[in-house]
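Below is one structure; the comments refer to it alone.
The values are calculated or read from the model by the stated rules, or taken from the named source; none is laboratory data. Bear in mind that the values here come from a model prediction, so they are computed numbers and not experimental data. Here the Cβ is made from the backbone with ideal geometry for all residues, glycine too, and neighbour counts use every protein chain on show. Ligands, DNA and RNA are stripped out before the accessible areas are found, and what is left, the full protein with its side chains, is counted by its heavy atoms. Shrake-Rupley method; radii C 1.70, N 1.55, O 1.52, S 1.80 Å.
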Amino acid sequence: MAAVQGSLVEEKDIKTEPSNDGGGNNNANDGRVLSTSPGSSASSGSNKSATGAPEDQQTLLAVLQFLRKNNLTESVEILRREAGLPEDSLDPKGGDSSGAGSGSAAGGVDLEGGDASSLLSRVTVSSSAAAQAPNKAEDQPDVNVVLSAYSQQGDPALYEVYYSGLKKFIESVLDCHRAELSQVFYPLFVHMYLELVYNNHESEAKAFFEKFSGDQECYYEDDLRVLSSLTKKEHMRGNETLLDFRTSKFVLRISRDSYQLLKRHLQERQNNQIWNIIQEHLYIDIFDGMPRSKSQIDAMSGSLAGEAKREANKAKVYYGLLKEPEIELPLDDEDEEAENEEGKPKKKKPKKDSMGSKSKKQDPNAPSQTRIPLPELKDSDKLDKIMYMKEATKRIRLGPDNLPSICFYTFLNAYQGLTAVDFTDDSSLIAGGFADSTVRVWSVTPKKLRRVKSAADLNLIDKESDDVLERIMDEKTASESKILYGHSGPVYGISFSPDRNYLLSSSEDGTIRLWSLQTFTCLVGYKGHNYPVWDTQFSPHGYYFISGGHDRVARLWATDHYQPLRMFSGHLADVTCTRFHPNSNYVVTGSSDRTIRLWDVLSGNCVRIFTGHKGPIHALAFSPNGKFLASGATDGRVLLWDIGHGLMFGELKGHTDTIYSLRFSRDGEILASGSMDNTVRLWDATKAFDDLETDDFTAATGHIHLQDNSQELLLGTYMSKSTPVIHLHFTRRNLLLAAGAYNP
């Protein structure tokens with residue numbers, strides 16, 4: 001309801017029946033809203049207002065006088081004409097009526113002091129006028145309301161009374177409604193506190209904070225700590241978190257019965273202060289059906305802006321996998337032909353079914369092959385695919401009775417501060433990003449790392465020879481590791497391209513660099529983020545990559561473009577981790593606003609918002625079949641999400657510190673999680689997914705039933721020797737590799 005200075009919003013007999021579709025955006029339907037600005041015509045349906053009840057006329061006249069006082073004569077004229085008032089209705093006699101209500105308005109209506117206050121409760125006005133006329137607040141009490149979203153009327157001394165009154169009411173309602181209505185406490189508390197601070201009532205704000213901050217849910221502790229340091233109006237200016245809280249609506253999901261109870265209570269008590277905040281700053285998503293229980297609400301709450309609106313998770317997501325290119329598997333020389341013919345198909349068949357990914361039939365939930373342009377397969381890619389298929393035949397089937405071996409790569413003496421690790425898909429190279437702004441690459445196989453020869457030497461090579469690819473490598477440069485210099489700040493994210501020719505690194509210096517693993521030099525620096533870039537990842541099909549950083553925007557790039565192709569904005573705080581969906585059509589981002597968002601690469605739209613974590617998110621992993629997502633955060637919980645239905649369906653508890661890495665085994669049977677608590681834990685993913693019941697009702701209302709079965713799903717916990725686990729990787733044969741820096 002923002003408007004130009006001097007414009008006005010008149011709310012007549014505030015009716016806020018939520019719309020029938022269960023959406024509860026009250027602002028959209030609070031009765032007739034009449035808003036006029038200089039030079040615009042008033043909205044239709046408003047010309048009945050003058051002929052309505054006498055108090056409507058008072059309201060209108062008071063506002064007209066205010067506009068006239070501020071020399072907005074054009075608005076006055078338009079509004080007067082629209083309302084059908086006679087021209088002399090605003091003669092100078094009445095034009096001077098002050099807030100005390102002594103002057104008499106023309107038209108014979110007396111503005112008694114008592115009426116002036118009832119008038120206040122009826123006029124609530126947009127926020128942008130406030131910024132432009134802050135000094136008017138003191139000398140015109142009757143139009144105090146016209147000022148800012150945070151300088152609505154209200155006696156600072158009464159805030160405690162209002163809040164404790166509401167608290168008493170909510171504590172007295174039936175248990176089934178209490179849990180739902182308690183969600184209102186936190187956003188109300190924050191906005192009332194900010195309102196007090198904004199209006200320079202420092203001592204009242206402090207008392208209000210001390211009295212009620214202890215009642216808030218434990219997972220808002222960090223936010224409250226930030227809040228408690230804001231005690232003066234000046235502090236509010238540069239604080240981003242707070243600006244978000246003010247501008248984005250806090251979403252609450254409440255059943256219709258609970259909402260009606262709350263509304264009735266506030267209207268009976270004439271508790272306009274609280275009602276105004278609810279209308280101004282909260283979005284109430286109303287659903288029909290049973291109220292949710294405390295545990296169901298706790299599972300979903302905790303993010304900076306409340307829960308996701310149900311609409312946010314309704315869009316169709318093509319989570320299926322793309323069809324694999326058909327590549328004939330050549331017969332192996334080492335295998336005897338006969339065994340090969342018998343053995344291979346037998347071995348292959350169950351593999352295919354279990355993975356569900358390499359099947360030749362098009363998955364009905366998969367996007368079309370051409371939905372987004374993907375790079376063509378080169379010959380080297382085809383060779384790699386063949387290698388992959390050969391390895392896959394030797395893959396170990398994992399399960400509760402058949403756990404993977406874990407091989408831990410410990411970085412010793414990493415005094416440069418190890419900040420990121422990645423393995424190539426074939427597990428032949430490992431790269432580390434360091435706080436001293438270097439990137440280091442190691443070969444994990446006996447094969448050493450070599451550079452391509454210089455141009456002069458390349459000219460001498462016989463281009464026709466069979467082993468030309470060997471000859472272009474310079475043996476003199478062979479070594480086990482290489483150091484890549486170029487960033488001017490710690491390297492926070494690192495990712496190998498699927499074909500192992502390139503390496504991406506993102507850094508505190510705001511750039512992402514693409515390195516060649518043939519020459520071990522930097523090819524491109526991508527500049528787009530203005531602040532540290534926390535994470536970056538190559539698409540599973542190469543060519544595209546995603547990055548996210550402190551500027552709260554994730555960006556999609558292609559290696560041959562200087563500028564990003566897509567910018568995904570919507571998070572309210574840093575984008576801390578980014579991942580591609582296995583079909584490359586979607587990316588997922590985790591943020592320190594404690595939400596996870598899934599974005600469509602084609603349209604740039606956000607198609608899923610997942611809330612439930614109680615701390616910044618640091619790990620994300622898609623299941624190999626593309627249907628599920630696992631996420632880990634500083635709260636030490638792993639949450640499991642069903643992408644198709646847009647629902648949380650599992651919670652894995654066990655870690656005692658931030659989870660930094662998650663990885664599914666190659667066939668999706670096991671989920672491995674690595675944490676700052678120096679452990680790797682293995683979870684039974686198959687069992688977690690099998691227990692999943694999604695009927696349409698759960699999807700519609702978000703009534704999720706999380707079983708507390710973490711202990712049954714936990715298959716093993718493996719301690720490292722004081723080494724936080726910052727990366728996990730399953731080899732093509734399902735050996736689990738873990739990496740971290742020893743922390744003496």
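Please note which strands (runs of 3 or more DSSP E) are completely contained in segment 430-484 and include at least 2 residues that are open to solvent by 60 Å² or more (accessible area, probe 1.4 Å) and more than 18 Å from ASN413 (Cβ to Cβ).
473-479
Any idea which residue in segment 367-400 is nearest to the chain's Cα centre (by Cα), counting only those that are open to solvent by 60 Å² or more (accessible area, probe 1.4 Å) and among the hydrophobic types (A, V, I, L, M, F, W, C)?
Going through the qualifying residues, I end up with LEU377.
One line per residue, one yes/no per condition, for (1) among the aromatic types (Phe, Trp, Tyr); (2) part of a helix (DSSP H, G or I); (3) modelled with pLDDT under 85; (4) more than 25 Å from GLY612 (Cβ to Cβ):
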residue: TYR159; (1), (2), (3), (4): yes, yes, yes, yes
residue: TYR162; (1), (2), (3), (4): yes, yes, yes, yes
residue: PHE169; (1), (2), (3), (4): yes, yes, no, yes
residue: LEU181; (1), (2), (3), (4): no, yes, no, no
residue: TYR186; (1), (2), (3), (4): yes, yes, no, no
residue: PHE189; (1), (2), (3), (4): yes, yes, no, no
residue: GLY214; (1), (2), (3), (4): no, yes, yes, no
residue: ASP223; (1), (2), (3), (4): no, yes, yes, no
residue: LEU227; (1), (2), (3), (4): no, yes, yes, no
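Kindly indicate which of ASP425, ASP363, ASP353, ASP381 is modelled with pLDDT under 85, assigned to a loop (DSSP other than H, G, I, E, B) and acidic (Asp, Glu).
When all the criteria are applied, what remains is ASP363.
Could you list, ordered by first residue, the pairs with Cβ atoms under 8 Å in which the first is in segment 540-562 and under 20 Å from LEU321 (Cβ atoms) and in a loop (DSSP other than H, G, I, E, B) and the second is aliphatic (A, V, I, L, M) and open to solvent by 20 Å² or more (accessible area, probe 1.4 Å), at least 6 apart or interchain?
HIS541/LEU374; TYR543/LEU374
Take the conditions surrounded by 24 or more Cβ atoms within 10 Å (Cβ to Cβ) and not in a strand (DSSP E or B) and apply them to GLY626. Does it pass?
yes
Just give me the residues in segment 516-537 being open to solvent by 40 Å² or more (accessible area, probe 1.4 Å) and either within 27 Å of the chain's Cα centre (by Cα) or modelled with pLDDT of 90 or more (or both), in sequence order.
Residues satisfying the conditions are THR521, CYS522, LEU523, LYS527, ASN530, TYR531, TRP534, GLN537.
Residue-by-condition table, conditions (1) out of contact with any strand residue (DSSP E or B) (no Cβ under 7 Å at 6 or more places or on another chain); (2) over 25 Å from ILE396 (Cα atoms); (3) open to solvent by 10 Å² or more (accessible area, probe 1.4 Å); (4) at pLDDT 90 or above:
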position	(1), (2), (3), (4)
PHE622	no, no, yes, yes
GLY632	no, yes, no, yes
TRP641	no, yes, no, yes
MET648	no, yes, no, no
GLU651	no, yes, yes, no
ASP657	no, yes, yes, yes
TYR660	no, yes, yes, yes
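Could you go through segment 401-416 and let me know if any residue there is loosely packed, with under 12 Cβ neighbours inside 10 Å, out of contact with any Gly (no Cβ under 8 Å at 6 or more places or on another chain) and among the aromatic types (Phe, Trp, Tyr).
yes
Taking only pairs six or more apart or across chains, which ones have beta-carbon atoms under 8 Å, a first residue in segment 197-225 that is on the phi < 0 side of the Ramachandran plot, and a second residue that is basic (Lys, Arg) and not in a helix (DSSP H, G or I)?
Sorted first by the residue in segment 197-225, then by its partner, the pairs are VAL197/LYS232; GLU202/LYS232; TYR219/LYS614.
Which one is surrounded by the fewest Cβ atoms within 10 Å (Cβ to Cβ), of the residues in segment 257-307 that are acidic (Asp, Glu) and within 28 Å of the chain's Cα centre (by Cα)?
ASP288
Taking segment 269-324 as the region of interest, how many residues are over 28 Å from LYS168 (Cβ atoms) and among the β-branched types (Val, Ile, Thr)?
Qualifying residue count, segment 269-324: 1.
When you scan segment 669-683, how many residues do you find that are open to solvent by less than 10 Å² (accessible area, probe 1.4 Å) and out of contact with any strand residue (DSSP E or B) (no Cβ under 8 Å at 6 or more places or on another chain)?
Final tally of qualifying residues: 0.
Out of all the residues in segment 544-561, which are open to solvent by 10 Å² or more (accessible area, probe 1.4 Å) and under 21 Å from LEU374 (Cβ atoms)?
Within segment 544-561, TYR544, ARG555, THR559, ASP560, HIS561 qualify.
What's the total number of residues in segment 598-623 that are over 19 Å from GLU669 (Cα atoms) and not in a loop (DSSP other than H, G, I, E, B)?
Qualifying residue count for the region: 11.
Checking the condition over 20 Å from ALA157 (Cα atoms) and out of contact with any strand residue (DSSP E or B) (no Cβ under 7 Å at 6 or more places or on another chain), which residue from SER248, SER255, SER228 passes?
One residue alone meets the criteria, SER248.
Scan segment 68-81 for residues that are open to solvent by less than 60 Å² (accessible area, probe 1.4 Å) and within 46 Å of the chain's Cα centre (by Cα) and jot them down.
Across segment 68-81, the qualifying residues are ASN70, LEU72, SER75, VAL76, ILE78, LEU79.
State yes or no: is LYS447 more than 29 Å from the chain's Cα centre (by Cα) and free of Cβ contacts under 8 Å to residues at least 12 places away in the same chain?
no
Please verify whether segment 718-728 includes one or more residues that are in a strand (DSSP E or B), of a type in the set (Phe, Trp, Tyr) and either open to solvent by less than 10 Å² (accessible area, probe 1.4 Å) or modelled with pLDDT of 95 or more (or both).
no
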